[in-house]
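So the structure is just underneath, and the comments pick up after that.
The values are calculated or read from the model by the stated rules, or taken from the named source; none is laboratory data. Remember, it's a predicted structure, so these values are computed and weren't measured experimentally. Backbone-built Cβ (ideal geometry, glycine too); neighbour counts: all protein chains shown. Surface accessibility is based on the protein's heavy atoms, side chains included, excluding ligands, DNA and RNA. Shrake-Rupley method; radii C 1.70, N 1.55, O 1.52, S 1.80 Å.
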Amino acid sequence: MDTILSSLNPAQKEAVTYHESPLLILAGAGSGKTRVLTHRIAYFIKKEVSPHSMIAVTFTNKAAEEMRKRISSLVSESSEKGLWIGTFHSVCLRILKKEKAVPDFIIYDDADQTKLIKECIKKLNLSSKQFQPKAILEKISRAKDKLLDTDEYMEFCENFYERKVADIYKEYQIRLREIKAFDFGDLIMNTVKIFNDFPDIMDKYHSKFRHIFVDEYQDTNHAQYELIRLLSSGCESISVVGDPDQSIYKWRGADISNIMNFERDFAGAKIIKLEENYRSTQAILSAANSVIRNNTNRREKNLWTRNLAGANPIYYQAYDEIEEAKFISEQIKNLLINNKTYKDIAIFYRVHALSRLVEDSFRRESIPYKIVGGVRFYDRKEVKDILGYLRVISNTDDLINIKRIINLPPRGIGDTTLKKLTKHASMGKQSLFSLIDNLDNVSDITLETKNKIKFFVNIIKKYQAFKGSITKMAKELIAEINYTNYLHSADPGTAREREENVFGVVSAIAEYEENTQEPLLRDFLDQVALLSSVDNWDSESNAITLMTVHGAKGLEFPICFMAGMEEDIFPHINSSLETSDLEEERRLCYVGMTRAKEKLYLSSALRRRIYGAWRNTITSRFIDEIPDNLLVKTYRKTGLNKPVFSSQNNSINNSLRYESLEDEACVYKVGQRIMHPKWGRGTVVSKTGRGEKTKLTVHFWKGNIRKTLLAKYANLMSE
């Protein structure tokens with residue numbers, strides 16, 4: 001027993017040994033969450049609680065395997081035999097198979113589900129453009145998360161679209177039953193159903209599972225919550241571990257109210273806070289604490305550490321996104337000089353599109369990197385699609401890319417037609433493009449299909465003859481082929497991010513044209529080809545990690561960079577209107593900051609290229625929420641050779657920070673922080689007019705409101 005408890009701090013020891021029920025362990029970032037949960041299970045086993053009477057539930061197979069390994073290291077393998085450890089889905093699958101309360105079934109993955117949804121839409125004579133399969137599947141999945149069957153879902157439908165979604169849901173379930181298949185939502189939904197419908201089965205599991213342990217409780221949805229509630233209604237103890245401040249998966253059904261209402265749901269609950277952090281320096285924790293305190297829907301706690309105080313996080317405001325990427329590369333070089341390695345370093349961003357310039361900078365500087373949870377910018381499908389068009393425009397002999405784009409977006413030129421065309425071109429010893437440019441002698445292609453092919457050929461010819469800049473050509477091409485509409489119809493869930501990647505190509509072209517005396521499309525494509533040929537880095541190699549902040553949860557690195565700390569990027573533009581969404585963005589920022597062990601860098605740009613055009617930006621409110629004494633603020637005025645560091649002299653900072661991106665002189669600049677006696681702190685978003693007629697639009701943080709004010713009478717004070 002001593003070996004289990006000896007290495008624990010007082011709060012951890014209390015959480016492990018508490019013998020009554022229920023128990024909520026509020027585990028702050030880096031406070032030893034998994035350690036406490038596994039030690040608690042091992043402690044129960046050492047106290048001669050039968051492993052057969054225990055079940056531990058988590059969210060990923062990796063987490064479940066890690067828990068099993070840790071428990072095995074604390075007790076003998078034979079001692080923990082019979083303990084159920086698994087994900088929600090694997091536990092439910094095991095119960096359903098064991099009880100045979102439903103007919104034998106197979107499990108459909110996401111791809112299978114999407115294909116089946118398409119068939120249902122077709123059978124109901126609905127338009128797949130209006131009823132996009134991915135979007136419909138998402139709605140059905142969220143319905144199952146809420147335990148709504150087809151009839152219950154119909155009761156909530158208020159318009160034609162929603163009622164048709166309900167029809168598709170009903171048809172989808174009929175088809176699943178016909179082929180004896182379950183999707184992931186069915187696993188939990190049906191387990192809850194048999195527990196409710198068959199008291200004898202419920203009683204059986206009440207007798208079996210006397211002690212329940214739940215990991216990452218803040219990430220549970222309603223169906224998972226209901227499953228745990230049913231299982232625990234007859235148990236001796238339930239222990240859940242989680243942190244409301246790290247609840248970041250609302251978009252996939254997670255309900256933060258489950259952990260916030262734990263005492264209401266489980267009478268007599270004990271709450272133990274784990275606030276000692278073993279990961280980060282105190283300087284990093286203090287900065288992170290100052291951000292998360294601005295959320296109202298949370299459980300108060302304050303992370304602290306015995307680690308060295310460490311250096312304050314550095315905030316760098318670049319002139320533009322190119323300089324931001326350069327700053328990151330420069331700091332990495334300095335870190336390497338100071339005995340750090342590439343694998344010690346991670347770069348986080350809110351959306352994948354922000355990785356492009358960082359990747360480009362790393363390639364130029366020969367800095368090795370790997371992307372986790374995504375692919376390299378130029379390897380992403382949507383990027384390859386647009387580059388495919390540009391390559392065919394540049395070289396119509398490019399057979400691979402003609403095949404890629406001839407039916408992209410879909411225009412009714414199928415694989416059978418393409419095979420016929422390729423065969424004719426080969427027999428006639430001509431290029432595929434030459435053949436499709438003149439189909440008069442091709443007899444086994446219908447007139448309708450020939451017209452579709454002609455439409456494609458005309459697009460390529462039009463942009464071959466284009467007289468404007470490459471940037472303008474790319475923009476007009478993307479618009480003409482309706483590529484962004486295609487993204488939204490193909491996969492609404494990822495469309496916005498993929499759209500940002502598409503216009504990341506436009507931004508890359510604009511950057512190339514700005515830095516090249518005689519820009520040519522083929523030269524740009526050659527440059528991209530050379531960049532894309534960099535070898536993939538092995539996952540165990542000494543390389544920098546690039547990933548979204550969502551992907552960073554559960555990980556840690558000695559050095560972390562968080563790029564793109566700007567309004568409408570982080571927090572994301574989609575979260576600007578709803579308080580609950582904004583608070584989730586703040587939790588996401590907190591998660592990113594607390595991944596850093598030794599050093600944390602936050603960066604933004606005064607201007608960023610959006611959809612190929614430069615736009616002035618506003619620094620993220622999360623930066624404003626960190627007190628000046630907890631942050632080293634760094635600014636660079638374009639043209640200076642070295643960045644100016646200062647965390648005290650605001651007059652120096654402001655002279656650099658608010659370098660005008662506008663032609664006219666004015667005391668107020670876009671991006672400037674101000675104070676108003678009534679509405680409080682805000683940022684100048686835009687400026688119109690001149691002299692006494694100058695009007696300012698100001699975004700005020702309190703209430704998340706915008707006001708347009710006449711500058712002369714605005715009564716604003718500079719911060």
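Some observations on this one:
- The alpha carbon centroids of segment 100-117 and segment 259-307 are separated by 40 Å.
- Charge tally around Asn307: other residues with Cβ under 11 Å, Lys/Arg +1 each, Asp/Glu -1 each, net +1.
- Shown for the chain are the DSSP H helices of 24 Å or more along their axis, judged by Cα atoms, with a mean Kyte-Doolittle hydropathy of at least -0.5: 321-337, 447-464.
- Centre separation in Å (Cα based) which lies between segment 27-88 and segment 191-235: 18
- Accessible area, probe 1.4 Å, largest first, for residues Trp304, Trp251, Trp84, Trp614: Trp251, Trp304, Trp614, Trp84
- Cleavage-rule hits (GluC sites (Glu not before Pro)) in segment 1-100: DSSP loop, at most 14 neighbouring Cβ within 10 angstrom: Glu20, Glu48, Glu77
- Largest first, the extents of the alpha carbon coordinates of segment 433-571 on the three principal axes equal 66, 40, 35 Å.
- Summing Lys and Arg as +1 and Asp and Glu as -1 over all other residues whose Cβ lies under 13 Å from the Cβ of Phe184 gives a net charge of -4.
- Using distinct alpha-carbon pairs, which all enter the 1/r mean, Kirkwood radius of segment 191-263 in Å: 12.9
- For the chain, the per residue solvent-accessible surface stands at 46 Å², with DNA, RNA and ligands left out and a 1.4 Å probe.
- For Glu566, distant residues with modelled amide H under 5 Å away: Ser620
- Across the chain, C-alpha contacts under 8 Å between residues 6 or more apart give a mean separation that, scaled by the residue count, equals a relative contact order of 15 percent.
- Translational diffusion coefficient (Stokes-Einstein; Kirkwood radius from C-alpha pairs) of segment 539-617 at 37 °C, 0.692 mPa s, in µm²/s: 235
- Chymotrypsin sites (Phe, Trp or Tyr not before Pro) within segment 91-177: DSSP coil, no more than 15 neighbouring Cβ in 10 Å: Phe156
- Shown for segment 341-420 is the translational diffusion coefficient from the Stokes-Einstein equation, using the Kirkwood radius over Cα pairs, a temperature of 20 °C and a viscosity of 1.002 mPa s: 141 µm²/s.
- Taking every alpha-carbon pair under 8 Å whose residues sit at least 6 apart, segment 548-641 reaches a relative contact order of 34 percent.
- The slack in the chain from Gln464 to Ser90, taken as 0.36 nm per residue of separation less the alpha-carbon distance, amounts to 129.2 nm.
- Available extension along the chain between Asn338 and Met260 is 23.7 nm, counting 0.36 nm per residue and deducting the alpha carbon span.
- Restricting the trypsin sites (Lys or Arg not before Pro) of segment 400-456 to loop positions (DSSP other than H, G, I, E, B) with no more than 11 neighbouring Cβ atoms within 10 Å leaves Lys429.
- Per-residue packing, averaged as other Cβ atoms within 10 Å, sorts the ranges 24-34, 133-143 into the order 24-34, 133-143, beginning with the highest.
- Gyration tensor verdict on segment 248-332 (Cα atoms; rounded if a/c is under 1.5, prolate if a/b is larger than b/c, oblate otherwise): oblate
- Normalised contact order of segment 179-288, rounded percent, pairs of Cα under 8 Å and 6 or more residues apart: 24
- Sequence ranges 54-64, 584-594, ranked by mean other-Cβ count within 10 angstrom, highest first: 584-594, 54-64
- Among [x] -0.79, -1.33; [y] -0.69, -1.18; [z] -0.87, -1.54, the entry that matches log10 I(q)/I(0) by the Debye sum over Cα atoms at q = 0.08, 0.11 Å⁻¹ as calculated here: [x]
- As a rough guide to protection, the peptides 668-676, 316-324 ranked by mean Cβ packing within 10 Å, highest first, stand as 316-324, 668-676.
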